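> Dropping a structure here in structure tokens format, bear with me for questions.
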């Protein structure tokens, strides 16, 4: 292995106020583990950091609800969640890479760690002394106790109507429905979450604000540099914040639980550092704590964090889309502020982007969309979830890793349903991958042999040059997809390898020659495919290891190979000259087949028996699960009959002109030649993704019988169809592709399922 790049994998810090659910796993915790495993296999130096976010109001809310102290809550859930992530196969242990501390390791820490607290307070004081904070009086909700007392209400203690979208049940600082953030005083119809009957009023309180406005220009330059690598959702959210103009943001709150503000004076008693300002620093403090406590070298963390002309550092931040601005705006602003101070400058000096010797900013933020449950967002606070600890008590962790990887919400929200979970495992993972491995193992076991593998005498790569060429190309595709954080695409490519193996065996029919005469015609050629099947199994064990670590190791051992598959070099997968080993005689299936009826019945019983806050079961929304595949339906969807859908008229038109909309920055006015006497005008919101030159003379599919409607003063006479290009960006649908090749298929979710000749209905995902 080469010396490798220094790769920092930063994982969003989960609140320790409840168990992790599958939405957390799909959005934040499985993708970074996949990527860390991949980078290690490439030979890079990987440090992965995260931990439990144990301060802030989600903790105190849970504590009050249960009548416990906050420390009791965080101790309980840190242990539960740490164990669940390890059980899932996430590589949080061991803390030091097997190659040595210079190659990194991992640490899942806690924000209640005294070292974290001290470092956050030190950073706070540095920025305070340099003039990056300003004192402001702000309005905050105050809960009036009928007995005469009262308290200021932190953001999560207040609920009301979102000032942006009008949704009910919005939190004091953020709306889960539209993702908008705001000051708590902007919330409409506020009530106390803990005591809804208590009166609330707005009172003034003094707090320190971080001067984000000073970083506007530098952050705009930084965002411009990241345009080519950020996903569309990351670019859009960051641009929205920057376009609105950055304002100073409060970094202190009236709280009893958290890190105390490190400023002397009675005015600061009872005030803590705001969790948004504290928790993001955990990526840095965790690296430093890992360095001191595990690497036994106080400066080891600098190899990943401090810009160096002689080495390459890459920082990746894995999180859900709701946290994007905190990692593309706020955290970079904190890091640049610390760089500024440590270079001997103050808030009066111009902010500059990091240079050699400064702390490194993020290289990419591969933020995920949401994994939905029964059409509704997974929510810990609202108990709408399938809890990870409970799930792992009943199912193989690799089955969950496979399903969430192949259904990962990379570019758009995806749904979890029990029916699809079972279908994916039984009809993809088992029927393709598991079946191929089982065929190779079972057929090899039936060959007469003594000592070495019976496949050695049939090992003949010269007969499989086309297979090698195919797999070499496949390997390149998998590698490229993983580098671009296209995880489900990479896994699909890997599954293509298993499918290729099944087809190879089917064509060769080695079972016909297991006991035939040694000189039988075609015997050597046929059994050479079985020997190459061993090589393909070895290949699959290595390339699926980031996704399916447990089954990969199991397969590695069944192939008669020693050591850990996770320690194998990534490109050793395509070493087609490795000596074939003797396969294990006691092989067993890689995966267990699932029964949907059993699962549904068990889910019903668990939901009926469990309390809303139960940890042991905690499966919510299970009663909505139907046994029939055709009866699955997200919440809020009304099915249409097929005949109704057929009223939609799809036509093909050629784009003859593209102009900027006179009254809308994000719209084009597109003229379509659809064969009629007059051209059709359509307003299309694709300006962010296409130049006019890209669109001219393209033939596209459009909906022709939508009622014309004015859009910012221009009447739009239809709607152009677009699909996800795999990167989260829209792609216009060419006329030659629209009928059969849309990915994902352009099938409305509300279309009632119906059988089709030659197969079932096409899924809409």
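> For a protection proxy built on the mean count of beta-carbon atoms within 10 angstrom, sort 236-248, 22-34 highest first, please. Intermediate values should be presented prior to the final figure.
Working: 236-248: 15.3, 22-34: 24.1.
Final packing ranking: 22-34, 236-248.
> Compute the separation of the alpha-carbon centres of the range 27-68 and the range 397-445 and state it in Å as a whole number.
With the range 27-68 and the range 397-445 each reduced to a Cα centre, they are spaced 25 Å.
> Does the range 296-380 come out rounded, prolate or oblate, given a ≥ b ≥ c as the square roots of the eigenvalues of its C-alpha gyration tensor, rounded meaning a/c under 1.5 and, failing that, prolate meaning a/b above b/c? Intermediate results must be reported in sequence, preceding the final value.
Details: a/c = 2.95, a/b = 1.83, b/c = 1.61.
Here the range 296-380 falls in the prolate category.
> Just order 7-16, 67-76 by mean Cβ neighbour count inside 10 Å, highest at the front, would you?
So the peptides 7-16, 67-76, ranked by packing, come out 7-16, 67-76.
> Using the number of other C-beta atoms within 10 angstrom as an exposure proxy, rank 386, 686 with the fewest first.
686, 386
> Kindly state, to the nearest 0.05, the FRET efficiency for residue 213 paired with residue 688, given R0 = 25 Å and r defined as their beta-carbon distance.
On the way: r = 26 Å, r/R0 = 1.03.
Approximately 0.45, to the nearest 0.05.
> Given a cut-off of under 8 Å on Cα pairs at least six residues apart, what relative contact order in percent is computed for the range 122-274? Let's see the in-between values first.
Details: 239 pairs, mean separation 33.9, N = 153.
Relative contact order comes out at 22 percent.
> For the chain, what proportion of DSSP beta bridges, expressed in % and rounded to the nearest 5, is antiparallel?
Within the chain, antiparallel bridges account for around 70 percent of the total.
> Taking a ≥ b ≥ c as the square roots of the eigenvalues of the Cα gyration tensor of the range 259-339, is the shape rounded (a/c under 1.5), prolate (a/b larger than b/c) or oblate?
oblate
> Mind sorting 439, 203 by how few other Cβ atoms lie within 10 Å of their own Cβ, fewest first?
Going from sparsest to densest Cβ surroundings: 203, 439.
> Could you calculate the contour length gain from residue 393 to residue 511, that is, 0.36 nm times the residue separation minus the distance between their Cα atoms, to one decimal place in nm?
Extra length available between residue 393 and residue 511 comes to 38.6 nm.
> Next up: Okay, helix-only estimate at 222 nm for the chain: each DSSP H run of n ≥ 4 adds -39500 (n - 2.57), divide by all residues, round to 500 deg cm²/dmol; what do you get?
-9500 deg cm²/dmol
> Need one word for the range 73-137: rounded, prolate or oblate. Basis is the Cα gyration tensor (sqrt eigenvalues a ≥ b ≥ c); a/c below 1.5 gives rounded, then a/b vs b/c decides.
Working: a/c = 3.69, a/b = 1.77, b/c = 2.09.
Note, shape of the range 73-137 comes out oblate.
> For the range 441-588, divide the Cα radius of gyration by the Kirkwood radius and give the resulting Rg/Rh value with two decimals. Each step should come with its number before you reach the end.
Working: Rg = 15.4 Å, Rh = 15.8 Å.
When Rh is taken as the Kirkwood radius, the ratio is 0.97.
> Right, another one. Rounded to the nearest 0.05, what FRET efficiency is calculated for residue 703 and residue 239 with R0 set to 25 Å and r the Cβ-Cβ distance?
Efficiency at R0 = 25 Å is approximately 0.30.
> Multiply the residue separation of residue 147 and residue 496 by 0.36 nm, subtract the distance between their alpha-carbon atoms, and state the gained length in nm to one decimal.
Answer, rounded to one decimal: 118.8 nm.
> Any idea what the alpha-carbon Rg over 2.2 N^0.38 Å comes to for the chain?
Normalised by 2.2 N^0.38 Å, the Cα Rg of the chain equals 1.04.
> Among 715-721, 344-350, what's the highest-first ranking by average C-beta atoms within 10 angstrom per residue?
Those peptides, ordered most packed to least, come out 715-721, 344-350.
> Hey, what did the range 45-112 get for relative contact order, percent, Cα under 8 Å, at least 6 apart?
52 percent
> Something else about it: Normalising by the residue count of the chain, find the relative contact order in percent from Cα pairs under 8 Å and 6+ residues apart.
Over the chain, the number comes to 12 percent.
> Which FRET efficiency value, to the nearest 0.05, do you get for residue 469 and residue 115 by plugging their Cβ-Cβ distance into 1/(1 + (r/R0)^6) with R0 = 56 Å?
Working from the Cβ atoms, E equals 0.55.
> Ok, one more. Each label point is 7 Å from the Cα along the Cα-to-Cβ direction; what then is the distance between the points at residue 198 and residue 462, in nm?
So the two model labels end up 8.5 nm from each other.
> Put a dot 7 Å past each Cα toward the Cβ at residue 520 and residue 266; how far apart are the dots in nm?
So the label points at residue 266 and residue 520 sit 9.8 nm apart.
> Express in nm, to one decimal, how much length is gained between residue 168 and residue 69 on full extension, taking 0.36 nm for each residue of separation and deducting their alpha carbon distance.
Fully extending the segment from residue 168 to residue 69 adds 32.7 nm.
> Just the Kirkwood number for the range 122-274, please: inverse of mean 1/r across all distinct Cα pairs, in Å, one decimal.
Values: mean 1/r = 0.0576 Å⁻¹.
Mean inverse Cα-Cα distance, inverted, gives 17.4 Å.
> Now a separate question. At 7 Å along Cα-to-Cβ for each site, give me the label-to-label distance between residue 427 and residue 98 in nm.
3.8 nm
> Using a 7 Å offset from Cα along Cα-Cβ at residue 310, what residues in the range 27-56 end up with backbone N under 20 Å from the label point?
Inside the label zone: 44-46.
Rule-based calculations on the coordinates, nothing more; no lab input. It should be emphasised that the depicted structure is a prediction, and the values quoted were computed from it without experimental measurement. Cβ sites come from the backbone with ideal geometry, for glycine too, and all protein chains shown count toward neighbours.
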